[in-house]
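Below: one structure, written as structure tokens.
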Amino acid sequence: MVADRRDWTTVSFEEGREALKEWREEHARRSDEVVELWEHVLSRSPSSLADELCTVYEQVCIAALDCSRTDLAHECINALHKRFPGSSRVLRLQGMFYEARGQWKTAEGIYEKLIAADETNPGYRKRRVAMLLGQGKRLEAIKALNEHLESFITDSEAWLQLCELYLTESDYARAAHAMEEVLLTAPTNSIYLRRLADIRYTQGGQENVEVARAYYEQALKFSPVDLRALYGVVLSCNSLVATARLTADKKKEYTTAANAALQRIVERYETLESEAANPEEYSNIIETVRGMEIH
Amino acid sequence: MPSSASGSAPATFLHKVIAAVSFAALIHAAYSAAQHRLYLRLTEQPFTALPADIVAQTLASLIFLCWACTHVAGAFQPIRADIANGRRKWDDVGSCLSFVTFEHRAKALSPTYALDSGRAFAV
């Protein structure tokens, strides 16, 4: 991957551009690196960015607000405003600018205007929810988000955010429901499956742990290299064998599943060990992992 | 883990040989059919049907080729719809950037932090 953590002041223009593009696509929040890249590499010849220029300006503006660089953000907004005078997207950035400075009333006014102008755009309502979150009004944000989801029921990002909010409130049942809605839009995404399995496992109780195990197995089917899902299988099977009332067949099934997953984890660590600079630390890990075996 | 869903054994040398031979036989049958038509045109005979041996050779080589190819191709692989997610981190997947807020510790990085909103701060 181009975009691993390193010193961004010395990279070439193309590498910098490539890195920004990658971060845009994978929704990474690496704001300090974006600002560093912009200031040292890309701002020297912004015209070379051609078509990407305005997207990059937007990305840099948000990153600058994240790093508390209101001067840079202001500069980006001005540049965009010059290019697109009446744009609502630029106005949204303006709203975010006021949010970052804590001028909530002004920002709210802007968002109200934007929503009135375009009812169908979910982005502005999401900013309203984000404003409530920024002011620390988490319960009101949850309520507003639920209202938003009544009209925009397929908005998977909103469901994901709702799930995260419920998790901070330790409301696992509702978080699991929100995560299931996210899964409706992306049923083969192993990361979402694993997250839902984590939530179910946390809820505890035989039924939930069995459901968690099923989801972990499903995540493994789609992404066989997922180490967390492997650990999830081991933990849920161990938990079921130890505490739940099971038939002998079920017990055997869970034991074999757990041991198979454990074997895969050990193999993974062994490949790392053979390539690592200091193999001794891996032998400790492997021993600890082996200790989780059910006999 | 990908399992041998088709139930076929992995490709042995015999399968590869049969695949090569039947492919050559198929090409040969096509060539002989073309040759046959040329011969008929030269001897001014009407063309009604290909000779039986060419038809037999075509069909036989086709069947053997199909059978041998399924063995050479190997077992079915599951559709890896999710291969890109193997390397993604939860930080990126769960970032929900439409809801990003700026009320966090990075505010202290601002050069005007001490002067903002009346913070009593001994600089």
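The values are calculated or read from the model by the stated rules, or taken from the named source; none is laboratory data. Just so it is clear, the model here is predicted, and its values are computed rather than measured. Ideal geometry is used to build each Cβ from the backbone, glycine not excepted, and the neighbour counts take in all protein chains shown. Each accessible area value is taken on the protein alone, full model and side chains, heavy atoms only, with ligands, DNA and RNA left out. Shrake-Rupley method; radii C 1.70, N 1.55, O 1.52, S 1.80 Å.
Among the aspartates and glutamates, which fall within straight-line cross-link reach of A:LYS251, defined as a Cα-Cα distance under 20 Å, with same-chain neighbours fewer than 8 residues apart omitted?
Within the straight-line limit of under 20 Å, A:LYS251 reaches these aspartates and glutamates: A:GLU207, A:GLU210, A:GLU217, A:GLU293.
Which value, in Å² and to the nearest 10, is the accessible area of B:CYS96 when all protein chains are kept and the probe is 1.4 Å?
10 Å²
Putting +1 on Lys and Arg Cβ atoms and -1 on Asp and Glu Cβ atoms, find which of A:SER68, B:ALA49, A:ALA242 reaches farthest to the positive end of the dipole of the protein assembly as shown.
B:ALA49
Rounded to the nearest 10 Å², what accessible area does B:SER61 show when all protein chains are kept and the probe is 1.4 Å?
Result for B:SER61: roughly 10 Å² accessible.
Taking chain A as a Gaussian network, where each spring joins two C-alpha atoms under 10 Å apart, which residue of A:VAL11, A:VAL234, A:VAL211 fluctuates the most?
Most flexible of the set in this elastic network: A:VAL11.
Distances longer than 23 Å among the Cα atoms of the range A:1-123: what percent of all pairs is that?
Percentage above 23 Å: 33.
Given Cβ point charges of +1 (Lys, Arg) and -1 (Asp, Glu) and nothing else, what value in debye, to the nearest 20, does the dipole of the range A:131-284 about its Cα centre take? It would help to have the intermediate numbers written out before the result.
Working: 16 positive and 23 negative charges, 96 e Å.
I would put it at about 460 debye.
If you count only protein heavy atoms and use a 1.4 Å probe, how large is the accessible surface of A:HIS27, to the nearest 10 Å²?
Using a 1.4 Å probe on the heavy atoms, I get roughly 90 Å².
Kindly give Rg over Rh for the range A:145-188, based on alpha-carbon atoms, with the Kirkwood expression for the hydrodynamic radius.
Using Cα coordinates only, the ratio equals 0.95.
Divide, for the range A:51-145, the radius of gyration over alpha carbons by 2.2 N^0.38 Å, where N is the residue count.
Cα Rg divided by the expected 2.2 N^0.38 Å: 1.07.
Which pairs break 32 Å Cα to Cα here: A:LYS21/A:LYS221; A:LYS221/A:LYS250; A:LYS113/B:LYS89?
Values: A:LYS21/A:LYS221 30 Å; A:LYS221/A:LYS250 21 Å; A:LYS113/B:LYS89 36 Å.
With Cα atoms farther than 32 Å apart: A:LYS113/B:LYS89.
Shape of the range A:197-258 from its Cα gyration tensor (a ≥ b ≥ c, root eigenvalues): rounded if a/c is under 1.5, otherwise prolate when a/b > b/c, or oblate? Write down the numbers at each step before the final one.
Details: a/c = 2.20, a/b = 1.38, b/c = 1.60.
Oblate, since a/c reaches 1.5 and b/c is not below a/b.
Indicate the residues belonging to the range A:53-78 that lose 30 Å² or more of solvent-accessible heavy-atom surface (probe 1.4 Å) upon moving from the chain alone to the assembly of all protein chains, ignoring ligands and nucleic acids.
Hits at the 30 Å² cut-off: A:ASP66, A:SER68.
Sorted from largest to smallest, which semi-axis lengths in Å does the alpha carbon gyration tensor of the protein assembly as shown give for its equivalent ellipsoid, taking the root of 5 times each eigenvalue?
Details: eigenvalues 593, 249, 109 Å².
Over the Cα atoms of the protein assembly as shown, the ellipsoid semi-axes are 54, 35, 23 Å.
What shape does the range A:252-295 take by its C-alpha gyration tensor, where a ≥ b ≥ c are the square roots of the eigenvalues and a/c under 1.5 counts as rounded, a/b above b/c as prolate, and the rest as oblate?
Oblate is the answer for the range A:252-295, as a/c is 1.5 or above yet b/c matches or exceeds a/b.
Hey, got the dipole for chain A? About the Cα centre, +1 on K and R Cβ, -1 on D and E Cβ, debye to the nearest 20?
That gives a dipole near 820 debye.
Summed for both chains, how many Å² of accessible area, to the nearest 100, are buried between A and B with a 1.4 Å probe?
Buried area (both sides, nearest 100 Å²): 2900 Å².
What ranking of B:SER110, A:SER170 comes out by heavy-atom accessible area, probe 1.4 Å, highest first?
Working: B:SER110 15, A:SER170 70 Å².
Sorted descending by solvent-accessible area, the residues read A:SER170, B:SER110.
Counting heavy atoms of the protein chains only and a 1.4 Å probe, report the per residue accessible area for the range A:187-295 as a whole number of Å².
Computed with neighbouring chains in place, this is 54 Å² per residue.
May I ask you to order A:61-70, A:122-131, B:43-52, A:16-25 by the average number of other C-beta atoms within 10 Å around their residues, highest value first?
Packing order, densest peptide first, comes out as A:61-70, A:122-131, A:16-25, B:43-52.
For the range A:139-252, what number results from the quotient of the Cα radius of gyration and 2.2 N^0.38 Å?
Numbers: Rg = 15.3 Å, N = 114, 2.2 N^0.38 = 13.3 Å.
Normalised Rg, Cα atoms only: 1.15.
Run the dipole for the range A:222-295 about the Cα centre, Lys and Arg Cβ at +1, Asp and Glu Cβ at -1, nothing else charged, and hand back the magnitude in debye, nearest 20. Walk me through the numbers on the way to the answer.
Values: 8 positive and 11 negative charges, 122 e Å.
I would put it at about 580 debye.
Among the Cys residues of chain A, which have no other cysteine Cβ under 4.7 angstrom away?
A:CYS54, A:CYS67, A:CYS163, A:CYS237
Need one word for the range A:6-64: rounded, prolate or oblate. Basis is the Cα gyration tensor (sqrt eigenvalues a ≥ b ≥ c); a/c below 1.5 gives rounded, then a/b vs b/c decides.
Taking the square roots of the gyration eigenvalues as a ≥ b ≥ c, the range A:6-64 is rounded.
How much of the accessible area of chain A, in percent, comes from carbon and sulfur atoms when a 1.4 Å probe is used?
C and S fraction of accessible area: 50 percent.
Counting other C-beta atoms within 10 Å, and keeping those with at most 10, which DSSP coil GluC sites (Glu not before Pro) do you find in the range A:119-149?
Of the GluC sites (Glu not before Pro), the ones in loops of the range A:119-149 whose Cβ has at most 10 other Cβ atoms within 10 Å are A:GLU119.
Placing +1 on the Cβ of each Lys and Arg and -1 on the Cβ of each Asp and Glu in the range A:81-141, which of A:HIS81, A:ALA107, A:GLY136 has its Cα farthest towards the positive end of the resulting dipole?
The residue sitting most towards the positive pole is A:HIS81.
Just the number please: accessible area per residue for the range B:11-123, 1.4 Å probe, all protein chains included, in Å².
Details: 8160 Å² over 113 residues.
Per-residue value: 72 Å².
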